[in-house]
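Colleague: Please read through the structure below; I'll follow up with questions.
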Amino acid sequence: MTIETHDGRTQVTCDHCPASYPNTYARNDFDVMIADARTAGWRIVKAKVDPANGEGTAELFGTAPKVADRKPKQGFVHICPNCQQAAEHNCRGLL
């Protein structure tokens, strides 16, 4: 999961490594947290839907039942500056 919440505080975490944006924010400051992370070089973009795994069909078939306390996927991908630099040097895309 890329936005973690603990004791009413939220934090951005990278989808590709264990890094997290160092600051935590109150839930009502979500927009400020995203703006600060982007200013610090984090890349936050809308996730692409993969039709092969059944995502994006909720409007047609309803939502799937929750299985074994699985956390729902978030609609955005969060990538820290270090992973972005590694991807540029290795010529492999993260998105």
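Colleague: Quick check on my filter: what residues within the stretch 14-28 are surrounded by 11 or more Cβ atoms within 10 Å (Cβ to Cβ) and either among the β-branched types (V, I, T) or without any contact (Cβ under 8 Å) to a residue 12 or more places away in the chain (or both)?
Modeller: T24
Colleague: Looking at G62, is it on the phi > 0 side of the Ramachandran plot and at pLDDT 75 or above?
Modeller: No.
Conditions tested, residue by residue: (1) more than 12 Å from the chain's Cα centre (by Cα); (2) under 14 Å from C80 (Cα atoms).
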{"residue": "D7", "(1), (2)": "yes, no"}
{"residue": "T13", "(1), (2)": "no, yes"}
{"residue": "H16", "(1), (2)": "no, yes"}
{"residue": "I34", "(1), (2)": "no, yes"}
{"residue": "R38", "(1), (2)": "yes, yes"}
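Colleague: While we're looking at this one, here's another question. Counting only residues that are surrounded by 15 or more Cβ atoms within 10 Å (Cβ to Cβ) and among the hydroxyl-bearing types (S, T, Y), which one in the stretch 1-13 is farthest from A47 (Cα to Cα)?
Modeller: So, considering only residues that are surrounded by 15 or more Cβ atoms within 10 Å (Cβ to Cβ) and among the hydroxyl-bearing types (S, T, Y), the one farthest from A47 (Cα to Cα) is T10.
Colleague: Taking the stretch 12-41, which residues are in contact with a strand residue (DSSP E or B) (Cβ under 7 Å, 6 or more places away or on another chain) and under 16 Å from G75 (Cα atoms)?
Modeller: V12, T13, C14, D15, H16, F30, I34
The values are calculated or read from the model by the stated rules, or taken from the named source; none is laboratory data. Keep in mind it's a predicted model, so treat the numbers as computed, not measured. All Cβ positions, even for glycine, are placed from backbone atoms using ideal geometry, and neighbour counts span all protein chains on display.
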